[in-house]
Structure formats: C-alpha cells, structure tokens
Amino acid sequence: MRFFEHVINVLYSDDYNFQEKLFALLTTMAELVVLLVFVADIVLGEDPTEVAVLGFAVFVSPLISVIALKRHKTKAAAALVCCMVVFVMLPVTFFFGGGLNGGSVIWFSFAYLYIGLLMSGKGRTLLLGCLTILAFAEYYLAYVNPGMIVPHGRMMTFWDSLVSVVLVGFVICAAVIFINKLFTRENEKARDQAEKVEEMSKAQSQFFSNMSHEIRTPINTILGLNEMILREKVSDEVASDAANIQAAGKLLLHLINDILDMSKVQSGQMELTLTEYNSGDMLSEIVAMLWIRAKDKGLDFHVNVSPDLPATLYGDDVRIKQILINVINNAIKYTKEGSVTLSVQCSKRSGDDITVLYSVTDTGVGIKKESIPYLFTAFRRVDEERNRYIEGTGLGLSIVKELTDLMNGNITVNSVYTKGSTFIIEIPQKVVSDEYVGDIDVARHHTLNSRKEYRKKFEAPDARILAVDDNESNLLVVTKLLRDTKVKIDTAMSGAEALKLTQDNKYDVILMDHLMPEMDGIECQHLIRTQTGGMSRDSKIAALTANAGEEVRKMFAKEGFDGYIEKPVSGDTLEVELCRLLPKELLHLIHGEDEIAEESILWMQSTRERKRPVAITTESVADLPDEIINKYGIGVIPHMVVTDEGTFRDGLEIETNGLLAYMADPDNKVATKIYGVNEHEVFFADRLTDANNLVHIALSGDVENSGYQVACEAAKAFGNVVVVDSRHLSSGQGLMVLEAAKLAADGVQPKQIAEEMKLLSKNIHTSFIVNDLDFLARAGQVSERVANLTRALMIRPVLVMKNGKLNIGSAYFGSRERAWTRYIDSVLKKEAEMDKSVLFVTYVGLTSKDMEFIRKYIEERVKFDRIYFQKASPAIAVNSGAGTFGLLYKNK
C-alpha cells in the first residue's frame, strides 16, 4: 500500500516533471496487472517457468520504480523495464504460455504503447525495432516448430485470452484517462505560469516606465537650467563645467533609455520611428556628448566621414544614435590609452535604398575569442575578472544587437585580445535627397570648450502660451528657455488651475504635462476642448511629459494632442515645436532652417580615403605578380622558410635563387612552416583597418603546411573574415585570389565570393613538371628509392592537384626540352575548354633562354590574352627544385 501511496503523491506533486509522472503511472498499472496475471496463472495452473518469471517481475519492478522516482532516474529505469519486457517476459510467456493460443500475443500491443510513451530518441527506435523483430521471430518459430511451444488446453486458452484482453484493455483505457488528466493539469499550470510571467512583465515595464518618468523630471531641471548658464556670458571655466554637466546629463538620460528599451525589447513592444534626419547633425550630437569622456581618459577621438554620405536620410535616427553612443561609450570604457575612431560610409546603394556602415575601432583590451558569442547577452559582461573595475550595466551591447536586428541591420565584431576591437554596424536606410556631406575642412573643427553662442530661432511678442505642470522646477525651465523669444507665458500647477485660466484667456499654445494629481493632462486636454464658454477650445495643445517612447507619442496623438515633447527638453526643441504650432502671423523668424549647418560639420574629420567593403588576402605561396597584388590591394601573409642559418619570411627575407643555391648542398636542411593563430589574428586585424570584410584564400587544406586550419581558427576572433580552402597551390591558388579580387572590386558580398570560389576551384588546372623528385624526397613527401629511380631513368614526373591533393599524374622520359614540349602539348590539347584570358607559367630556377623557349612553344599552339611568367616563392621551391615549371589556368 505504501508503494501505491508513493505513486499517487508523485502524480500530484510539483516536484516531478511530466515524463516522470507518466513513468510512475504506466509502470504502476503494468505492475498491478502483472500481479493479477501472476495470481491468475497460479489459479489456472500455468507452466511453472512462466509463473516464476512473472513472480520475479512482481518483486523487482516496484523496487526499480521506487528507486528511480526517488533519484529522478526514470529514463534509465524505463529503459531497464522495457528491456526486461522485450527480452525476458514476452518470450517466456509466449513459449511457456501457449504461444498463439495464449494471452501473451495481446501483451505485445501494451509493450508498443509502453515503449512509445516512455522511451525517446535512438533508444525508442532500437527497442521498437527489437520488439518487432521478436514478434516476427516468435510467430515464425511457432509456425515452423510448434513443438517449442508449451501447449494450452481449450479451457486454458479461453481463460488466458479473456484475462489478457480485459486487463490490457483496462490498462490502455486507464492510461489514456490519466494521461488526459495529467495533460489538463500541466496545461493549467503552464497557463498559470504564463499569466504570472505576463503580470511580472507588465509590472516590470510599469516599474521601468515610472522610474524613467521620475528620473527624467529632475534631469529636465538640471539640463534646462544648465542650458541657461551656457547662454550667459560666464567665464571659460564656468562654461567648460556647464558643458561637462550637459554631456554627463545626456549620458545619464541615455542610460535610462537603455533600461526602458530593454524592457520594451523583452516584451516585444519596441517600435521604430522613421523620419527624415540630417546625418551631419546626428553625428555632431553624438561626438559632442562623448568627446569629453575620451578627453578625460587622455584618448584621441577621431571621426572619419566619407564625403559621399547623403546629407539627409530616412530612418530612426534616435535608435541609430542610441546604437552608436552605446558602442562608442563601450570603446572608451575599455580603452586605457590610444584612440577611439568612428568611421561612417555607404557600403552599398540601390536607387533610394542605401546601407550605411558605421565602424567603431579602439586600441583597448580586446575581446577573447571564447567571449565573443556572449557579447550581446543582456546583463553579462565578458572577461569579468579583468574588467571588474570598469563600470557598466551589461545592457548596452545587448540593446545594440536588438535595435540593429529591429532595423534589419547587421553587427559584426573583430577583436584581437589585448590589441583592440572593431565593431561594424550596417543599417539599411533611404536617401531623401542627392545632397552629400562632401569634403569637410578639418580647420573648421571646433574644440568642445569653444562656447557655442545661443541664437534664438524666432521672436513672438504677441503670442501667448500656457505651461501646465505640477512641478514648479519644470515650469521654471520652460519659462527661462523661452525667455528670449519674448513669448508671454502663463503657468499652472494643476489641471484645475489650467481650466480656470483657459476659461477667460485665449492661448495660442498650451504645453501640458501628463501625470498630475487629481486630474491628468489627457483629462485636462479633453475638458479644455469641451469647456463651455472657454476661450482656448481651439488652442494647439502639446504634451510636455517625462513619459517617453513611441507608444506614448501615439497615445497622445490618438487622444487629440497637437504635439509631443519629451523631457528633458532643450530650448532648441521647444523653439522648433513652437515654430510649428504658433500661428505664422505671430512669428518673426530670426534664423532659417540652415542655422545649424555649421554645427552639422563639427567633430567631423575630412577623409578622402574610405574602407573597402571587401578585401582579399592570401598566403605568399599563391605566387602572384606584384602588379596584381598592388592593383587589387591584396594582403599577403608569408610562410616561413626554416634553415640551419635561421628562419626567414618567404619572399621578404629570403629569395628563391638564393635558397636554391643553399640547397645545392644536400647536407643543408630546409623546411617550411606557417604562422600560428596569433599571427594570423594580427594579420587579419591589420587588414581590417582598411576594409570592412575579408575573404582569405588559403592553400589547399590537404597539402602539408597549409594555413587553412590556422586561418579558420584565427577567423573565429572576427565576425567578418571568411576563409576559403582554394584546393590548389601556387598560382592555381593565385588565380582564385585574382578572381576573388575582381568580384570584390565589383561590390560582390563576402559570402557570395566564397561560394563563387568553391565553384571556381573545380575549374582551375594546377600542374607542374619537375626535373626529378629529389627535393620532394628531402622534404619527406616521397621515398628516396622512388627519387633515385626517376633520376636514373631520366623520368620527368608531372605533379597534378586533384581533389585538393598533390599527386603524380604522369611522367615523361628523355631530355628536358622533349619532356617539356610533351607536357605543354598534353596540357594545351584541351584548348576548347580553356579560358584564354590569362595563363600562369610558374617556375623555379629557369633561365631567360628556358622561359623564351617555353613562351614561344606555347604561343605557337594557343593564343592567350596574357601570359605571366611568375617566379615561384621560396616555400614552393623547397619542394620542387630548379628546372620546375607549371601551366596554371582556369577553364571556361
């Protein structure tokens, strides 16, 4: 009884999951039925072997169940019980219980149900397969050898079958009923939990919204009155302090927005507000806010803006600004010395659609490769031990990722630990006009401490406005900020007081706070509109509130407000809104819309150079002419040549002819090796200072000393480095580099270039004819015996790249010139399939006379647009030796 009480407690306990409850239910019912069958078999006089097996099951199964439930090991227990049923109980009850004339065949259906519900994955598939094979085997044996079955009498057959049908039916019916109850109960729990989560989410959102409102109110006073200080004729020191206060206040406001936005993102309430904006103004505001932080840390802050950046764009400039502030602020925080650089350029344009690329580069601590996957996780800071003294909420980059995704943009990270990082943000937008930022005179760059003279936009001495707010400081800020416009301003500290004033006074504009005691701003606005005999029923009413967000803006518009201004408010924002709302006949404009054109170019450093969208890199063994490398700006990382005299960089510190002379002495050992992961990371980081993306074409991964695997590992530190296995070497690899460089120059994206290279590798022909195999033998790639044999028989082997591996394809006998001509004939016989735009003749240790002979022989047979005679790199020469050359080309 205690066992069944324990099972019932399991079924109604929250300490067990659904699968554990299902195990308890099915196993208990099966054990109960086995107990009944055990008793029935004793009464009916079944075979002792069957009775013994059932008795064993009656004793062992409950023990397994209790232990499994207490230790939460039901998966293992279910597997054990299933095996016991399939491999012991069913065979015994079949052969010793009458076979087809017994009740065991009916229990097969329960076994299928039990395995199907309690097992999962490969285990379930395996056991169901075994059960099915067992069923076929038992039926087959019963048919071909009936003597194996212990027979049942007529009466025993009927009783055994009847008992089995009733019990199996009862078990399946009861199981379905209980499973439905369990499902219903679990669904109710899930609904309750979902409701609680939703309530918590609402409470969290409300809390963040309230916190934002409460903090914005005092910030409004601080920034508003501080702006008045900046307008006054004060000392440079006071002006500098006030500018610092202004920047710090805006950063605090930015942090509040981050917290509020994170709440919106998590609840799926984040929306974009698309509008036309001036790209120069936006960048000026960002840098003005963050330049102080960089200056305080002794960092250089550079801003490079491409001249072809459109002056007016259509997008959510508030969110873009939020993204850039977060990334730049992060760069400043994690950089102790050096610089932070913001670069802005257009990466691609199609009609009015444009993708603007913003990159932020710092010389800070960098990011470990293993930390990059967690970089955009909310409330998580990478390398916590090293950065524990750096302040931060852990929210910034998470919001950056969410906002970038919301705008269908993309963000990638390149970082070399201890060297610095680069964040690249791509955001699609629309172009409003064909005007560009253009070249900017660096001499006009102002310092932050240069006092910015306040210039009012208008005067309206005949205009009258009413400001309604329950906070006296907010009313003071509005009054002071609009003082120079000569507008007549009345104030009210409640909705009731405002109604008294609007009853007898005609106001052109009313600035209305939202959350006020007794009567909120929305209710007050409705009452003003419907006020009997009121003088301001047709006045323009704008919400001036600390409740921020696009959904709030929409709410006020729906409620009939004519405008919306977020706190903290600046004089500029107030004046712009009043210019829009006040009757035009009351306005006397002082400055036009171009008044801040000068400000638009502050903080921007002119640059005629811009990062390339995609750059191509490769290894020194690609054997490309300097002409091509320089033309396409191809980055080359050298292999290393190791000799007894030292280690030298391939092609930079050692030359092919000198290496061949050194190797003429067979006692001089020479080997090649590649740079490690760290060196590749530094190489990639250096190339990314001039490009936004890299495509690295590596030596075939199946060739000895290939840099492919190392490059792949190094690329993990970057979000925009694609590594391609060329499946070739020497100028065969170089041909792929050349084609990739052409695609990059045409604006093809990195992933598409990589796909094109995979296809191209199948159409590249790479082969070499060598004088002998001595150098390959010295490198350990062929045996000394084979090398000696080819030399003795004057065999000239041809080495061919096939499926990424270097193999001996054919061989020619006789003199060098005879072997060369036969090799050339064999290569050029497929002229119809060849792309005749370029042919590489890559060689080792040939004389001018040799090269002229080869050129003339080729030109007599096939006309190529361009034939490059390219000296192989020392790293290639190590394995081939003098007198080697190859014809390398691509097929159509």
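Work out the FRET efficiency for K554 and D520 from their Cβ-Cβ distance, taking R0 = 25 Å, and round it to the nearest 0.05.
It comes out at approximately 0.90.
Roughly what % of DSSP beta bridges within the chain run antiparallel, to the nearest 5?
Taking every DSSP beta bridge with both residues in the chain, the antiparallel ones total about 60 percent.
Using modelled amide H (1.01 Å from N, peptide plane; none on Pro or chain starts), what sits under 5 Å from the amide H of R727, excluding residues fewer than 5 places away?
Under 5 Å from the amide H of R727: S700, G701.
At a Cα cut-off below 20 Å, give the lysines reachable from K829, other chains included and same-chain residues fewer than 8 away excluded.
Qualifying lysines at Cα under 20 Å: K762, K802, K856, K863, K890, K892.
Using +1 at the C-beta of Lys and Arg and -1 at the C-beta of Asp and Glu, which of V43, A622, A492 has the Cα lying farthest in the positive direction of the dipole of the chain?
Going by the Cα projections, it comes out as V43.
What's the FRET efficiency of E237 with T273 using the Cβ-Cβ distance as r and R₀ = 30 Å, to the nearest 0.05?
According to the calculation, E is roughly 0.15.
Modelled label-to-label distance, K488 and Y454, 7 Å Cα→beta-carbon offset: nm?
Inter-label distance under the simple model: 2.3 nm.
How far apart, in nm, are two points set 7 Å out from the Cα along the Cα-to-Cβ line at T125 and at E199?
A separation of 4.5 nm, rounded to one decimal place.
So, R0 is 30 Å and r is the distance between the beta-carbons of K849 and N891; what FRET efficiency does that work out to, to 0.05?
E(calc), rounded to 0.05, equals 0.45.
With a cut-off of 8 Å between alpha carbons and a minimum separation of six or more residues, what is the relative contact order of the chain in percent?
The normalised contact order for the chain reaches 8 percent.
Considering only the stretch 290-369, what is the antiparallel percent among its DSSP beta bridges, to the nearest 5?
60
Leaving ligands, DNA and RNA out of it, work out the accessible area of R855 with a 1.4 Å probe and give it in Å² to the nearest 10.
Using a 1.4 Å probe on the heavy atoms, I get roughly 70 Å².
With +1 on each Lys and Arg Cβ and -1 on each Asp and Glu Cβ, and nothing else charged, work out how big the dipole of the chain is about its Cα centre, in Debye to the nearest 20.
Charge dipole, the chain, about its Cα centre: 2560 debye, nearest 20.
Please give the contour-minus-distance gain from K584 to K73: 0.36 nm per residue of separation, less the Cα-Cα distance, rounded to one decimal in nm.
176.0 nm
Taking a cut-off of 18 Å between Cα atoms, list the lysines near K75, but don't count ones fewer than 8 places away on the same chain.
Reachable lysines: K21, K122.
For the stretch 131-136, what does the Karplus curve 6.51 cos²θ - 1.76 cosθ + 1.60, with θ = phi - 60°, yield as ³J(HN,Hα) per residue in whole Hz, taken in order and with x for Gly and Pro?
5, 5, 4, 4, 4, 4
Given N residues in the stretch 520-561, what is its alpha carbon radius of gyration divided by 2.2 N^0.38 Å?
For the stretch 520-561, the normalised Cα radius of gyration comes out at 1.22.
Extension gain A190-A832, at 0.36 nm per residue separation less the Cα-Cα distance, in nm?
Additional length available on full extension: 224.2 nm.
Run the simple label-point estimate for V165 and M228 please: 7 Å along Cα→C-beta, distance reported in nm.
Taking the two extended label points, one gets 9.7 nm.
Note down, for the chain, the three equivalent ellipsoid semi-axes (square root of 5 times each alpha carbon gyration tensor eigenvalue), biggest first, whole angstrom.
Semi-axes from the Cα gyration tensor: 65, 59, 22 Å.
Below 8 Å between Cα atoms, with a sequence gap of 6+, how large is the relative contact order for the stretch 8-162 in percent?
With pairs under 8 Å counted, the relative contact order is 23 percent.
Do any GluC sites (Glu not before Pro) in the stretch 506-582 lie in a DSSP loop with no more than 16 other beta carbon atoms within 10 Å, and if so, which?
E518, E559
Taking the alpha-carbon distance from K321 and a cut-off under 16 Å, which aspartates and glutamates remain once sequence neighbours fewer than 8 residues away in the same chain are dropped?
Within reach: D258, D261, E271, E276, D281, E285, E402, D405, E426, E550.
When the dipole is taken about the Cα centre of the stretch 793-876, and only Lys, Arg (+1) and Asp, Glu (-1) are charged at their Cβ, what size is it in debye, to the nearest 20?
Charge dipole, the stretch 793-876, about its Cα centre: 180 debye, nearest 20.
Quickly estimate the mean residue ellipticity at 222 nm for the chain, helices only: each DSSP H run with n ≥ 4 gives -39500 (n - 2.57), and the total goes over all residues, rounded to 500.
Using -39500 (n - 2.57) per qualifying helix, the result is -16000 deg cm²/dmol.
Please give the contour-minus-distance gain from D690 to T418: 0.36 nm per residue of separation, less the Cα-Cα distance, rounded to one decimal in nm.
95.9 nm
Once Lys and Arg get +1 and Asp and Glu get -1 on their Cβ, which of A754, P310, Y812 lies farthest toward the positive end of the dipole of the chain?
Of the options given, the answer is Y812.
In Å², and per residue, what accessible area does the chain have when probed at 1.4 Å with the other protein chains present?
Result: 47 Å² per residue.
The values are calculated or read from the model by the stated rules, or taken from the named source; none is laboratory data. Fair warning: this is a prediction, and the values are worked out from it, not measured in the lab. Positions of Cβ are backbone-derived with ideal geometry, glycine not excepted, and every protein chain shown enters the neighbour counts. Just so you know, the surface numbers come from the protein's heavy atoms only, side chains and all, with ligands and any DNA or RNA stripped out. Shrake-Rupley method; radii C 1.70, N 1.55, O 1.52, S 1.80 Å.
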